[in-house]
Amino acid sequence: MSTQQQAKRTNFIHRLNTTLIAGTLAAGLVATGSAQAQDDREGWPQSFTVGTASQGGTYFVYGSGWANLIADQLGLSGGGEVTGGPTQNLALVHNGEVAFGLTTMGPASDALSGKSPLAPGVVMDNVCAMFPMYETPFSITALSDSGITSISEIPDGATIGFGPAGSTSDTYFPAILEELGVDFERRNGGWNDLAGQLQDGLIDVIAFAAGIPIPAVSQLEVQTDVNIIEFTEQEQAKAIEAFPVSAFTIPASTYSTLEEESRVVSMWNFAIAGCDLPDDFVYEATRITMENNDKMRSIHRSAETTVPENLKYNEVIPFHPGAVRWYKENGYEIPEDMIHQ
């Protein structure tokens, strides 16, 4: 072998060794990064479920869409589950049967004080707040040909659909109507099912408590003529005095049936998580939600109020430390006594 050939061979071997060393170092860095990423997700579930409510209601649309957003962003498997609504969601989250759920302040207050109708005496203290969702208006829908245009015109003995058993509507709306002097027969079921019964004349009225626009009401409008019935000022004041609700106005643009705003009452909704979920997991889910309101609004219009400024409407459920971390990083203060310890 000539001196020139020997030099070429030496240079080739040197370049080959350099490439192999660099490749080994890069592989080591990738492996280290992968291990670090894995460490960052220690204790995370491989999949998760969000407790929603019945199909045809806002909870199902909102919760299923939110689950898909979180799953896509975090590379996990996740989805919404049909449930009986807020009261059952509190129990499911508390027991660890679902990771996340959607609830309203009334049922939450009952659950945390051991007064849940599903588990009387059980204090559901493994439930933590994540973020505000929207207000749930309590509104009434009847067919136009029923002639019912006001609460006072609901006939004695009317059959009223109140949604799934144990839902916010089923828990509070019957009591509100009784307070307002309405005599009725009670009917439970999913919102889509009740809408079908209304069309078929099997029930007289549906008393909805759900985020607006309610999918089942929007569908009814397409298929038939309906009346969306508001509270009088006196009825609204009476309901606010007796129950954990506040004044609310349904904008006329919400439904094609409405020609002007509709006066009702409402209750705030919050997303909840099991308090024992890893802080980093809940932090990431909260971050994705709070930093992507445009995506949330594309899931359901009611998410326009899914913003951190509305944290103040939760005075009942302690916040998950993972969610608190995001709020504090972004300048939102949460009282110490409202943080789960």
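Assorted remarks:
- No other residue among L177, L194 is over 13 Å from G57 (Cα atoms) and either aliphatic (A, V, I, L, M) or modelled with pLDDT under 95 (or both) apart from L177.
- Number of residues in region 258-268 that are closer than 15 Å to I214 by Cα and without any contact (Cβ under 8 Å) to a residue 40 or more places away in the chain equals 1.
- Among the candidates A323, A303, A247, the residue that is more than 26 Å from G80 (Cβ to Cβ) and of a type outside the set (D, E, K, R) is uniquely A247.
- For region 118-143, a residue qualifies if it is part of a strand (DSSP E or B) and under 30 Å from I288 (Cβ atoms), and the qualifying residues are V127, C128, A129, M130, F131, P132, M133, Y134, E135, T136, P137.
- Scan of region 223-248 for residues that are within 21 Å of D204 (Cβ to Cβ) and either touching a Ser or Thr at 6+ places or on another chain (Cβ under 9 Å) or hydrophobic (A, V, I, L, M, F, W, C) (or both), ordered by number: T224, D225, V226, N227, I228, I229, E230, F231, T232, E235, A239
- Taking region 147-226 as the region of interest, the strands (runs of 3 or more DSSP E) fully inside it that hold 2 or more residues being open to solvent by 70 Å² or more (accessible area, probe 1.4 Å), charged (D, E, K, R) and in contact with a Gly (Cβ under 9 Å, 6 or more places away or on another chain) are 184-187.
- Residue check for A108: touching a residue at least 60 places away in the same chain (Cβ under 8 Å), crowded, with 18+ Cβ neighbours inside 10 Å and not in a strand (DSSP E or B): yes
- Residue-level analysis places D204 among those that are more than 27 Å from V50 (Cβ to Cβ), among the acidic types (D, E) and modelled with pLDDT of 95 or more.
- In region 232-257, residue farthest from T168 (Cα to Cα) [restricted to those that are among the β-branched types (V, I, T) and in contact (Cβ under 8 Å) with a residue 24 or more places away in the chain]: T257
- Among the residues of this structure, Y283 counts as one that is on the phi < 0 side of the Ramachandran plot and open to solvent by less than 50 Å² (accessible area, probe 1.4 Å).
The values are calculated or read from the model by the stated rules, or taken from the named source; none is laboratory data. Not measured: the values here are computed from a predicted model. With ideal geometry, Cβ positions are generated from the backbone for all residues, glycine too; neighbour counts draw on all protein chains shown. Remember, those area values only see protein heavy atoms, side chains included, never the ligands or the DNA or RNA. Shrake-Rupley method; radii C 1.70, N 1.55, O 1.52, S 1.80 Å.
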